[in-house]
Amino acid sequence: MGKCISVNTTWDHPTQCLTYKCVLGESTGIARVSSDLWGCKDEFGNCHPFGKQRQSDRCVTTECQMRPEGPVFYPVEIGCKFRRRCKKVDSSWINRRKCVQQTCQYAPGATAPNVVNSPYGCRDMKNRCRPFGYVARDPENVCVSYKCTAFEIFSTIQTGCPWQGKCMQENDVWYDQEGTCTLYKCIRENVGPSNVQMHTLSYPGCRGFDGECLKEGQIVTKGCTKYQCIPNSGGLVIVQEGCSYGGECKVLNSTWFDSETCTDYSCVYDSEANDISIVEKTGCKDDDGKCFTKGERKKEGCNKFLCNAASNFRPIRMRCEFRGECKDIDTTWKEGCITYTCKLVAKGPNFVQTNIEEIHGCIGDDGKCYDIGDELIEDCSKFTCTAGGVMQESDFGCKGFNGQCMKPGDKLEVDCVNYVCDGQAKSMVPVEKACVWKNGCKPVGSKWFDKESCRGYSCVLDITDNDVKITERTVGCSVSGECKRSRTYQMKDCVQYKCTTNGQLIPKKIGCEWDGECADLGMSWTRNCTHYKCVITQEGPDYIQTEVQQQRGCFDSHGKCYDVMDEVSFGCNKYRCSMGGNLDLIDSGCMDRYGRCMKPGEIVEEADGSEHKCVCDGSSCLVVVEVKGCRMNSTLYPFGARLRDGCTVYECQNRDNCGKFVPVEWGCFWVDRCYGPGDKWKSDRGCSIFTCTMYQKSNGDVDMVVARDIGCPFEDECKQNNEQWRDGCFEKKCRVRTTKDNSKESSIKIVSGGCQEGVGDGMICHAVGSIWEEHHYDGCFKKQCYVDQTTGKYTTTTVGAACRDAYGSCRPIGSSGFDAYVSGQLRQDCKCLPEGVGVTGVRYTCGDMVNPFQCEGC
C-alpha cells in the first residue's frame, strides 16, 4: 500500500468481504497484517455476514458459510418445485404428463438443485403413460401382445392369428384337411413402430390322386403327364404331357439332341394318329465335332454361317471385327486421325478372310486432326499435313511481347532492352541492354551523379547472370542542402562533424556556445560564485544538442546553495561554507538507527542485543556495532535460532550489523493445518483444488495466498480445466474462466460432435456432413448429419431415399419390375416413386399380390 499503518488499525478490502488488522506477533512481537474473512459476496457484489440466510428459490434456502472451498452461499434447505410442491433432494416421482421419472438432484457447490428426467415408460394406444415392462393386449386381436421397452415404445412380444378358438403363430401355414383343402397362412403387417395387424390369408386347394391336399399351383406327375392344382378350373388340370424316351419323360413340343448320332429329336402331337410321337432330324457337324441341325446358324467372330441341306456351312454374313464391333464389308469409318475400310479377301465353306485398311492423318499441337494437304497456322508458323501423318513446318517467325508476329531479323525495344527475332530459336533474343534510371535509359558503361543523395551511379553488365545492373558509390554528405566530400570536417553550432565514406555525419569534437565562444564538452568554470559546465542534453543518429549548466556558491548533498560562512547541520554534523565553495566540518557526532545523536565515545546497548559506540577520527564519525544475537521479550537468542509464528518461521540473522528475526519459511493456513508453497489439496466435496502460492513483493515482503481452482462435475467425476473426454458421439472439454469479480466459473463445452445411429453396443457416430445409408422395412434412406445454425443442435436429416424389394435389396427411384412387401403383402411388378420435398420418402405402385406358395421356401 506504500504507507505505514498503526498497530490495531483495521480496514476493509475494497472488493472482497475481508477485514485487515495490523497486529503484533504473539511470539515474535513483529508487526504483521492479519485478515478476517467475515462474509460472502452475492451476485450483485454485496457482502453478507456468515450465518445470514436468503431464499434464492421457492424450494432452496442458502446460508453464508465458510466452506473448505471458501466463503459461499451454501444450501441448507434444498428442494425441487413440482406442481406447487417442494420435493426433497434425491426423491423421485412420476410425471405422467411427460411420461418420465423425475429426480431432485443437487451437486455440491451448485447454487440450485436440478430436476433430472429419466425414462419411465411408453404411451399406449390411448396415450396413457405405462411403465417399462408393462404388457398390453391388442383389444382387436387376443393373439397380439405389446410390451413397453427401454426405447420408450411398445414392441410386439406375441403375434398370431385366431383360428377356431386358438392362436396360430406368425408365418404358420395349415390346411383344412377335413374340408375343401383350403390353405391358410398367418402374416403380419407393420402399421407403425408400435402397432401391427395380423391377417389370415386363405388359398383354395385341390384333392390329390391319393387323397392328399394340394395347394394352388402345386404340380404332381403321373407317368409322363403333369397335373396342376387350379381350383377355379375344377381341381387338377393337365398342364404338360410328354414322350417316353430311354426311360425318361420328354415334355410335349420339347426337343433334345443326341451327340453320338448328331440327331435332333422332337416330342410332338400327331393329329392324324391322335397321339404323341417322336420326330427325328439329322443335322450337320463342324470341324470341331459340334453338331448343328439343318437350318441352324452359327457365328464365328463377326461372320455367320447356315447349316444347309447338304450338311455344309454356308457363309450368309461377312464382316470385319474392330475393337469388339462388327463392320460391314466396304464400310469406312474414322477414329482419331486414322481412316479405316473393311475389305473382303476370300470366302468358302466354313471359311471367310477379311482385312481392315488404314489411312493415317496428322495431329496438330492443338489436338485436332488434319487430313493430308490440310494447313495449320499456329502462333507465327505454318504447318502442312503430309503422307504418313507428319506435320511439315514452313513460313515461321517470332511472337512479340504484345502477341504480334515478327519476321526473322526484326527488332523490338522493351524496357531499355533491344530484342531481335531469332529464326532458328523462333523467339525474341536480347542483343543490346541498358539500365533503367528515372524513366530513362542509361547505356552500359555510363556513369552519372545525383546531387540529392550525394551518390554516384554506374550501369554495368553482370557476367554471372548476363544482365545489367546499377552500382552505387557514396561521394559525400548532404549538409544544409549542399554536398560535402567524404573525409572532410564540418562545423555547426560548436559541434565538429566528419563526413564518412558511407555518407554519414559523425560528431568528432563537441562543445557548447557560451558568451560568443565555444567551450569543450565537460568543461567547467565559475563566475560570481556560480559554477558552469558544458554537457550534452540530447543526441541522435545525425544531431547533437548541448547546453551550459550553472551552479552558485556552496552546494550540499541535496543541491542547496550556501554563501560563504553560512553554517548548516546534516544529522549530527555541522558544516560551514568556505571560500572555493566547500562545506567544512566544524562539529560532529554519530546518529543511531533511531535518528538520535550520539556524542563521540558514547556507548548504547540496544534491545536487540547489539552494542553501539560512536567513534570519531577528527574528520568524520561513525557508529561501530558489535552484534551478539537477537533480543526478544528480554531474551537474547543466538544467531541461527528459529521461532514459529503461525505458518511463518523466523531465523535470527545478522542484518547490517543488527540482529533481526528474518522470515525464512512461509506457509498457508487452511482449516486446521499449514501448507507449504506449491502444495495442492482438494476439497472434501465439490470440484475445488487449492494451491498454496507465494508472492514476492517489490519491497521484499512475501504474501502467502491460497489460490482456488475449480473443475467440472461430470457423472460423479471431477474433470480438470482443459481436460477432454468422450460422451457418446460428443467430444467434451472442461473450461474454467475468471469473472469480473475474480471468481471462477466452470462449464462443459462441446468441442466436436456427430449424429448417433442406433443405441448401446450397436451405436455408430457419424461426423458432421457425412452421409450414410439406413435400411428400414419400408425403404432405404440416405441420412446426413448437420448442425442447426439457430439452435446449435446436431440433427440427422434424410437426403435421399430408395425402395426396398422383397429380398432386402435397395431399388433406386424410377426402377420397376421388382417384388416388394407393401402393407405386409407381397406384391409383384412394383415401381419405385419419390415422395416428399427433396426425395425424403418413397411410395410403391404394384401389380397383383404374389401367391407366397408358388415356390419352395416362400
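The values are calculated or read from the model by the stated rules, or taken from the named source; none is laboratory data. Here the structure is a predicted model, which means the values were calculated and not measured. Cβ sites come from the backbone with ideal geometry, for glycine too, and all protein chains shown count toward neighbours.
Go through the stretch 17-33 and give me each residue that's out of contact with any Cys (no Cβ under 8 Å at 6 or more places or on another chain) and of a type outside the set (D, E, K, R). Answer for the stretch 17-33, where residues must be out of contact with any Cys (no Cβ under 8 Å at 6 or more places or on another chain) and of a type outside the set (D, E, K, R): LEU18, THR19, TYR20, CYS22, VAL23, LEU24, GLY25, SER27, THR28, GLY29, ILE30. Scanning the stretch 82-96 for residues that are assigned to a loop (DSSP other than H, G, I, E, B) and touching a residue at least 12 places away in the same chain (Cβ under 8 Å) yields a count of 4. (1) under 60 Å from the mean Cα position of the chain (by Cα); (2) surrounded by fewer than 14 Cβ atoms within 10 Å (Cβ to Cβ): which one isn't true of ARG188, the others all being true? With respect to (1) under 60 Å from the mean Cα position of the chain (by Cα); (2) surrounded by fewer than 14 Cβ atoms within 10 Å (Cβ to Cβ), ARG188 is out only on (2).
Across the stretch 165-173, a minimum of one residue is classified as of a type in the set (Val, Ile, Thr), part of a strand (DSSP E or B) and over 30 Å from CYS718 (Cα atoms). Only one of (1) surrounded by 16 or more Cβ atoms within 10 Å (Cβ to Cβ); (2) farther than 22 Å from CYS630 by Cβ; (3) out of contact with any Gly (no Cβ under 7 Å at 6 or more places or on another chain) is not met by CYS658, so which one is it? For CYS658, the failing item is (2).
When every residue of the stretch 644-656 is checked against the conditions, at least one turns out to be β-branched (Val, Ile, Thr), over 30 Å from GLY589 (Cβ atoms) and either in contact with a strand residue (DSSP E or B) (Cβ under 8 Å, 6 or more places away or on another chain) or in contact (Cβ under 8 Å) with a residue 40 or more places away in the chain (or both). Note on the stretch 322-357: residues that are over 20 Å from GLU300 (Cβ atoms), modelled with pLDDT of 80 or more and out of contact with any Ser or Thr (no Cβ under 6 Å at 6 or more places or on another chain) total 8. If you go through the stretch 63-113 and keep only what is modelled with pLDDT of 85 or more, of a type in the set (D, E, K, R) and under 25 Å from GLY45 (Cβ atoms), you end up with just GLU63. Within the stretch 621-642, one or more residues are modelled with pLDDT of 85 or more and under 60 Å from the mean Cα position of the chain (by Cα). Restricted to the stretch 334-343, and to residues that are under 16 Å from CYS320 (Cα atoms) and in contact with a strand residue (DSSP E or B) (Cβ under 6 Å, 6 or more places away or on another chain), which residue is surrounded by the most Cβ atoms within 10 Å (Cβ to Cβ)? The residue in question is CYS342. The stretch 1-81 holds strands (runs of 3 or more DSSP E) entirely within its bounds, and those carrying 2 or more residues that are touching a residue at least 12 places away in the same chain (Cβ under 8 Å) and aliphatic (A, V, I, L, M) map to 18-24, 31-37, 60-67. Of all residue pairs spaced 6 or more apart or on separate chains, those with beta-carbon atoms under 7 Å, a first member in the stretch 371-383 that is more than 27 Å from GLY400 (Cα to Cα) and a second member that is at pLDDT 75 or above and part of a loop (DSSP other than H, G, I, E, B) are ASP371/GLY361; ILE372/GLY361.
Consider the stretch 486-525 and keep the residues that are of a type in the set (A, V, I, L, M), within 30 Å of GLY581 (Cα to Cα) and in a strand (DSSP E or B). The one that is nearest to the chain's Cα centre (by Cα) is ILE510. Of the residues making up the stretch 350-371, just one is surrounded by 15 or more Cβ atoms within 10 Å (Cβ to Cβ), part of a loop (DSSP other than H, G, I, E, B) and touching a Gly at 6+ places or on another chain (Cβ under 8 Å), namely GLY361. With respect to the conditions (1) surrounded by 14 or more Cβ atoms within 10 Å (Cβ to Cβ); (2) within 60 Å of the chain's Cα centre (by Cα), CYS320 falls short on a single one, namely (2). Among residues of the stretch 214-225 being buried (at least 19 other Cβ atoms within 10 Å of the Cβ) and assigned to a strand (DSSP E or B), the one that is nearest to the chain's Cα centre (by Cα) is LYS215. Exactly one residue among GLN404, GLN392 is within 57 Å of the chain's Cα centre (by Cα) and either surrounded by 12 or more Cβ atoms within 10 Å (Cβ to Cβ) or at pLDDT below 75 (or both), and that residue is GLN404.
Among the residues examined, THR693 does not qualify as surrounded by 12 or more Cβ atoms within 10 Å (Cβ to Cβ), β-branched (Val, Ile, Thr) and touching a Phe, Trp or Tyr at 6+ places or on another chain (Cβ under 8 Å). None of ARG54, ARG58 is at pLDDT below 80 and either charged (D, E, K, R) or within 23 Å of VAL702 (Cβ to Cβ) (or both) except ARG58.
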